[in-house]
Amino acid sequence: MGGRLRGAALSLALVLVAVAVAAWSGGWFATPPAGTPAQAATITDDAGDGWATTTFDGPMVRERAAIAVRPARNADRAHVRSELRAAARADGLGELTDASFAVFSEEMLAYLVPEITLVLPEGVPVRRAEALMRDHQPADVAFYLTQTVLVHDLTFAVVTNGVTAEQARQREDAEGILSDSLNHYVTTVQPAGLTVRYFGALLSDGRIGAVREAMARAAGTTADRVTVSATAPGAGVDLAGGVPELDTAGEHHGH
């Protein structure tokens, strides 16, 4: 696990180095533009509960098994998460990652909107997720469902221009468009700029564009200088021919 985390951190650093080189060679370290009032992003290519339209695929899109959980009435959600994480580690499955319910298919969400969504590590099939729940379902889980999903696992990076990386982060947070567009993300202040790691439901091209514009405003540069890259190595999922057929061998059960 530690090796994977160090590798991810190195990847983020290399992304920023590449952006810095491009920025320097392009000669765009000039006087930063005047502050721009925050504008609500207009997104026109989202698909409701369906898969978003995206050309940011390949290594940026991953196929993962996910667990949808509806806790029992008055259950402690933190306890449910903790118990399932411990069970996954004990079964050799690795770490579970929190995600939005939006990772699930439109058909499943018509049936159940989970209060807790946990995504298993890459390479773990949905039948292992089902076995985990069958063997270790916490007593305070009323109902669950497992499903193979597609997620975006990507990193935005920008080199700041005329402001410090910390100032750019503060601007980014104050504007709030990243929070509106991504819901959950992790911003890291780097020596040369910012990286934003996103893991969750597929983002439309329009939503990714809105994030790039917001980060550019915060960093004092332009949206084309905000890079978007895969967080992890690997082939990922090619969506050029549409959404591939996913393994839907998961089941649902309740107490």
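Scanning the range 209-241 for residues that are under 26 Å from GLY123 (Cα atoms) and touching a Phe, Trp or Tyr at 6+ places or on another chain (Cβ under 8 Å) yields VAL228, THR231.
The residues of the range 50-72 that are in a strand (DSSP E or B), touching a helix residue (DSSP H, G or I) at 6+ places or on another chain (Cβ under 9 Å) and under 16 Å from VAL237 (Cβ atoms), listed by number, are ARG64, ALA65, ALA66. Among the residues of the range 73-90, those that are open to solvent by 30 Å² or more (accessible area, probe 1.4 Å) and outside any helix (DSSP H, G or I) comprise ARG73, ASN74, ASP76. A residue that is at positive phi, without any contact (Cβ under 8 Å) to a residue 24 or more places away in the chain and open to solvent by 10 Å² or more (accessible area, probe 1.4 Å) occurs nowhere in the range 96-114. For the range 150-199, filtering for residues that are of a type in the set (Gly, Ala, Ser) and part of a helix (DSSP H, G or I) leaves 5. Close contacts from the range 188-204, counting a first residue that is over 30 Å from ALA68 (Cβ atoms) and a second that is in a loop (DSSP other than H, G, I, E, B), with Cβ to Cβ under 8 Å and a gap of 6+ residues or different chains, come to ALA192/THR160; GLY193/THR160; LEU194/THR160. Mind checking whether some residue in the range 197-208 is at pLDDT 95 or above, of a type in the set (A, V, I, L, M, F, W, C) and over 17 Å from the mean Cα position of the chain (by Cα)? The answer is no; no qualifying residue exists.
Mind counting the residues in the range 127-168 that are aliphatic (A, V, I, L, M), over 30 Å from SER82 (Cα atoms) and over 24 Å from the mean Cα position of the chain (by Cα)?
Narrowing the range 127-168 to residues aliphatic (A, V, I, L, M): 129, 131-133, 139, 141-142, 145, 149-151, 154, 157-159, 163, 165, 168.
From what's left, over 30 Å from SER82 (Cα atoms): 157-159, 163, 165, 168.
Remaining after also requiring over 24 Å from the mean Cα position of the chain (by Cα): 163.
Residues in the range 127-168 being aliphatic (A, V, I, L, M), over 30 Å from SER82 (Cα atoms) and over 24 Å from the mean Cα position of the chain (by Cα): 1 in total.
Scanning the range 91-101 for residues being under 15 Å from LEU145 (Cβ atoms) and either part of a helix (DSSP H, G or I) or of a type in the set (Asp, Glu) (or both) gives a total of 1. Select from the range 173-212 the residues that are in contact with a Leu (Cβ under 9 Å, 6 or more places away or on another chain) and among the polar types (S, T, N, Q) and write down the one among them that is surrounded by the most Cβ atoms within 10 Å (Cβ to Cβ). Out of the qualifying residues, it is THR195. Considering GLU130, GLU122, the condition of being in contact with a strand residue (DSSP E or B) (Cβ under 7 Å, 6 or more places away or on another chain), in contact (Cβ under 8 Å) with a residue 40 or more places away in the chain, surrounded by 14 or more Cβ atoms within 10 Å (Cβ to Cβ) and in a helix (DSSP H, G or I) is satisfied by GLU130 alone.
Residue pairs whose Cβ atoms lie under 9 Å apart, separated by 6 or more positions or on different chains, with the first residue in the range 68-81 and within 12 Å of THR117 (Cβ to Cβ) and touching a residue at least 40 places away in the same chain (Cβ under 8 Å) and the second polar (S, T, N, Q) and buried (at least 18 other Cβ atoms within 10 Å of the Cβ), are ALA68/THR117; ALA68/THR146; ALA68/GLN147; VAL69/THR117. Just the residues that are small (Gly, Ala, Ser) and closer than 28 Å to GLY234 by Cα, please, taken from the range 97-156. Selection gives ALA99, SER100, ALA102, SER105, GLY123, ALA129, ALA131. Taken as a whole, the structure places VAL113 among residues that are under 22 Å from ALA72 (Cβ atoms) and either in a loop (DSSP other than H, G, I, E, B) or in contact with a strand residue (DSSP E or B) (Cβ under 6 Å, 6 or more places away or on another chain) (or both).
The values are calculated or read from the model by the stated rules, or taken from the named source; none is laboratory data. Bear in mind that the values here come from a model prediction, so they are computed numbers and not experimental data. Please note: Cβ atoms are built from the backbone with ideal geometry, for glycine as well, and neighbour counts cover all protein chains shown. In case anyone asks, the SASA skips ligands and DNA or RNA and just uses the protein heavy atoms, side chains included. Shrake-Rupley method; radii C 1.70, N 1.55, O 1.52, S 1.80 Å.
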